[in-house]
Amino acid sequence: MDLQYEYIAHRFKPRSGSEQSLLLFVAPATDIRSWAGVPRKAFDYQHGFQRTLNPGRVNDVVQYFREDVKNISPTSIVVGFTGAVTVEAAEGATLGGVEAVRVRVTVPDFAQIGLDALADQALARLRMRLPEPVIKQIEANVEEAFAEAIKLQDEEAVDESFGIEAESAVESGIDPEAEERSYLADFYAQLLGYRRKLLEWPEDGQLREILYSILKPAIIVDGQHRVFGGAAAEQNMLFAICAIPQSSWAESVYQFVVINQKAKPIKPAFLSSIIATSLSTDEIASVYNRLRSSKIDVDRAEVMDRINTDPISPFNNMIDFEVEGSPGFLQFPGMARLARDFQNIPRSHSILLPDGTWNSVDGDWTDHFFGFWTGVRNYFEGIDARLWTKPSASNPNNLLKIVTLQELQGLMLDNWADSRLVRLKIVEETTEMAKRFWTDFPATFFSDEWRQKGLQTSVGRRIIRDAITETRRNMGRPHWGHRRLGLFKG
């Protein structure tokens, strides 16, 4: 007995001059699971294009939906209609090129169909997609084609399990045009061999899911984890659907690649910016908590937001959040690394903490980070106020550059750890030790022109650190100046 589903949708053509239309409608998660297949790559069957369903991600989605009724999925599930779907005009006005239509989806009750019958239907569907000569070649010698497909499957599965990449045609000495193998053809040969009882059917559940994905009238192109997680959390949870009517398998594959290849995750810099500039303090705290509970990494964004906005931060309003109009000039990634390296003191310089962890100090690591750099700022700003302002043509300030800040911090922590005398316990003491570290260091070291280029490289970083070390070592010596060092000589 067939299962019937019906929806009212809006149909429109997204581009003028194109014949391709889209359908927008709403459906429960359990409906989508019933009529839409997920053509996933599996260990034993390679015909799909989706990533294997990740139980951990599904569980995360389930937890996200269950922990707060406010948690929803506002983005559409993208599907391609490939089978028994009819679209008819419905009552309703056509406005701005958008037409109301009635969508009817028909799907067999696959659970009531035996594996042999499912295989026959899948073979018929695959014959429509494979070239006729390929089908004839397989069916002329099913036993050989079946054995070859099984052999190739086993070899490739073993290679992938050990992280071995398949040989390229050039490396293997094979003419790339001499023979083209198709996973789909191999799967057809396997399925035909099993159907003709050359081997007993493999594990029933996994194979059924593969066959369902071929036979169902729709394919989930994007959003499989949300659909499965939503159905598990609440059967009647509604999702917005963006459907491509009369979509071929190739079109669905194309859309999958475009969506996944072109999509970019929100950068922590941009995340920090939109949250900081769009919300109140209480709203920011609430949003960060919800994002964190939803398994979204916001810790770095939250830290960088504080470094840029906290009035006591020595880098207040100095960070470039990579959005138009950002007043900062210190690049977000480099500053994030600077903060991360300081946070990692328990691993890199544990001797600097009373018990090797930040738990043994007053405040937290960001308080000491602020104290550390406040001490550096107090010294250099005290002898030349330009050194803690934005570098420019009229202010050739080499202190407030990412590579300089990173090397200064590394040098100071290394020196303190080597001395075995320094402990970061009280923020005010951290500030004073950082300021004292630079006593008598010439401000002109950072205001004079650095002629050496390529300082972001490992060699360049070593040049900066060696020049600072040599200058500190020779402070107070008559007739010695830092300008003779390689950093300053052209």
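The values are calculated or read from the model by the stated rules, or taken from the named source; none is laboratory data. Just so it is clear, the model here is predicted, and its values are computed rather than measured. Cβ sites come from the backbone with ideal geometry, for glycine too, and all protein chains shown count toward neighbours. Ligands, DNA and RNA are stripped out before the accessible areas are found, and what is left, the full protein with its side chains, is counted by its heavy atoms. Shrake-Rupley method; radii C 1.70, N 1.55, O 1.52, S 1.80 Å.
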- Query: Any idea which of (1) in a helix (DSSP H, G or I); (2) modelled with pLDDT of 95 or more is the one residue 307 doesn't satisfy?
  - Reply: (2)
- So which of 220, 312, 210, 244 ends up being modelled with pLDDT of 80 or more, β-branched (Val, Ile, Thr) and touching a His at 6+ places or on another chain (Cβ under 8 Å)? 210
- Message: Looking at the range 237-247, can you tell me whether even one residue there is over 25 Å from residue 19 (Cβ atoms), open to solvent by less than 30 Å² (accessible area, probe 1.4 Å), in contact (Cβ under 8 Å) with a residue 40 or more places away in the chain and part of a helix (DSSP H, G or I)?
- Response: no
- Task: Take residue 99 and decide whether it is over 20 Å from residue 232 (Cα atoms) and outside any strand (DSSP E or B).
- Result: no
- Looking across the range 81-107 at residues that are within 23 Å of residue 230 (Cα to Cα) and either touching an Asp or Glu at 6+ places or on another chain (Cβ under 6 Å) or among the charged types (D, E, K, R) (or both), the single one that is surrounded by the fewest Cβ atoms within 10 Å (Cβ to Cβ) is 104
- Query: Identify, please: which residue in the range 60-89 is acidic (Asp, Glu) and not in a helix (DSSP H, G or I) and is, among those, nearest to residue 234 (Cα to Cα)?
  - Reply: 68
- In the range 110-128, what residues are loosely packed, with under 15 Cβ neighbours inside 10 Å and part of a loop (DSSP other than H, G, I, E, B)? 114, 128
- Message: Within the range 358-367, does at least one residue satisfy the condition of being under 16 Å from residue 338 (Cα atoms) and among the aromatic types (Phe, Trp, Tyr)?
- Response: yes
- Message: Could you list, ordered by first residue, the pairs with Cβ atoms under 8 Å in which the first is in the range 298-319 and more than 15 Å from residue 331 (Cα to Cα) and the second is surrounded by fewer than 18 Cβ atoms within 10 Å (Cβ to Cβ) and charged (D, E, K, R), at least 6 apart or interchain?
- Response: 298/292; 299/292; 313/306
- Message: Whether any residue in the range 386-394 is more than 18 Å from residue 467 (Cβ to Cβ), assigned to a helix (DSSP H, G or I) and at pLDDT below 95 is what I want to check.
- Response: yes
- residue 462: at pLDDT 95 or above and surrounded by fewer than 17 Cβ atoms within 10 Å (Cβ to Cβ), yes or no? no
- Identify, please: which residue in the range 370-404 is within 26 Å of residue 360 (Cα to Cα) and not polar (S, T, N, Q) and is, among those, most open to solvent (accessible area, probe 1.4 Å)? 377
